[in-house]
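Enquirer: Before we start, here is the structure in question, set down as structure tokens.
The values are calculated or read from the model by the stated rules, or taken from the named source; none is laboratory data. Here the structure is a predicted model, which means the values were calculated and not measured. No Cβ is skipped: glycine too gets one built from the backbone with ideal geometry, and neighbour counts run over all protein chains shown.
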Amino acid sequence: MLAELWFDLELDFWSLVMAVFVGGGCGLLGTVFLLRRAALLGDAVSHSVLPGIAAGLLLHYAIGGDREDAGIGTNVTTIFVLIGAIAAGALSTTFIELLHRHTRIQPDAALASVFPAFFAAGVILIDVYGRGSHLDVNCVFFGSLESVGSFGQVAPTIASAVAVVLAFVLFGKEILATSFDPKFSQAIGLPHRGISLVLVLLLATVVVTAFEAVGAVLVIAFLIVPPATALLLSDRFKRVLILAALLGIAAGIIGCWLTVVFDHFGVRSGRAPMMALSAGAQFGVAFLFAPRRGVIARTRRRLLLRRRILDENFLGAVCRLSQRLPNGAFAPVKIELVADSLAQELPRLRGAIARETKRGGLIDHGDGTVSLTPEGESRIRGLLRAHRLWESYLAQTLGAPADHVHDAADEVEHFLSPQLLEDLFEHLERPEIDPHGSEIPGGG
């Protein structure tokens, strides 16, 4: 039973290798285009190379090539297909650039104007002239990863993936500079357009070598989804590159394995679609559970922030309503009075009281009253300092009227770090009083 739910390596080995290199190469290269905000350029190139592939096949047939040898692999056909595809990819990107530069058409509209025409022309050419060959319209749309069964079919994909890796190893800094800051890269003499052209040519090569395996439509999933997933997990360039490649490889392996499992239970599915579905599932998991950018993590941070603001506002209200006793301590304050001053329901404040009591900022007397502790007073002085420094900043630097700054400072005081407060204090030339004439704690 377990053996039937795993790969038959005699039959699946080369298709699995193809899936690994397609996922890894596309994920790695797609990261750059995603960071350049040109992710759909991969979509455009993957569609636009189709007439080049058809033209390469037609040229091969015209000089006496065998139609039965039309698949991509280590054969003469591949050379014609690669040349035609790269030429078509370069031509389409040139058209897109010319439309954007010499007309009022925006880049996205120019892209959408060019690649559908190229794709349609390629489909017609393959449908009309590709009959009798291994490459047909079904292969164009869905790929035929299941038919990969030899090293010769996989070799071009391996070569293109290795070329992508070498490009990043040898020119990683240049690619990084031109991707994040094109103007800076041009200022220091980097050939921005040349690097962009090389990346487009690499993209066309990767797309063509992955073409027969996953098709022109689904290849975009491996160019965009693994990099997008990696960006949810990290914001370091090198780490994102590695993660995107690994996620692409994992999507290839998992997708192929799922077809084996589904086939065992009588559900036949294509490997390329299952690979794309696996990549989408990875993105969904990262979207929900990523440590910093996931929905759950962001929701938790918002809830913690709201809780912290409520706790600090409660401490501040207790401080305002408290009277200092002769011994220096603070007199107890009724919780109802605090709730009324904050316009909050009493049950909602129970959690704030419990948390501040645990932190040592309050003493809960258990009779409906609380007292501020020295620790709580110290924290309130910090908030008061932040509030009054921000009021001073708004009044002195931005020229806001003194009677218009309180509400804004009331919101911002919870977000100012100690270092930012010190920078603000020095920027304002160490003020001692705020725009209302009140003392700024710690500002003397």
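Here is a yes/no grid of residues against (1) surrounded by fewer than 14 Cβ atoms within 10 Å (Cβ to Cβ); (2) over 30 Å from residue 19 (Cβ atoms):
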residue	(1), (2)
281	no, no
288	yes, no
296	yes, yes
302	yes, yes
308	yes, yes
317	no, yes
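Enquirer: Working only within region 2-46, note down all residues that are out of contact with any Cys (no Cβ under 9 Å at 6 or more places or on another chain) and not in a helix (DSSP H, G or I).
Expert: 2, 6, 8, 36, 37, 38
Enquirer: Quick one: in region 146-161, of everything that is among the hydrophobic types (A, V, I, L, M, F, W, C) and more than 12 Å from residue 21 (Cα to Cα), which residue is nearest to the chain's Cα centre (by Cα)?
Expert: If we take residues in region 146-161 being among the hydrophobic types (A, V, I, L, M, F, W, C) and more than 12 Å from residue 21 (Cα to Cα), then 148 is nearest to the chain's Cα centre (by Cα).
Enquirer: Only one of these conditions is not met by residue 194: (1) more than 23 Å from residue 115 (Cα to Cα); (2) surrounded by fewer than 17 Cβ atoms within 10 Å (Cβ to Cβ). Which number is it?
Expert: The number of the failed condition is (1).
Enquirer: Considering every residue within region 162-178, establish whether at least one is more than 23 Å from the chain's Cα centre (by Cα), in a helix (DSSP H, G or I) and among the basic types (Lys, Arg). Walk me through it before giving the result.
Expert: Of the residues in region 162-178, the ones more than 23 Å from the chain's Cα centre (by Cα) are 162-163, 166, 170.
The next check asks that each one be in a helix (DSSP H, G or I); those that pass are 162-163, 166, 170.
Right, trim to among the basic types (Lys, Arg) and you get none.
No; the residues of region 162-178 include none that is more than 23 Å from the chain's Cα centre (by Cα), in a helix (DSSP H, G or I) and among the basic types (Lys, Arg).
Enquirer: Here's another thing I want to ask about it. Pick from 366, 437: which is assigned by TED's automatic domain parsing to the domain that holds residue 308 and part of a loop (DSSP other than H, G, I, E, B)?
Expert: 366
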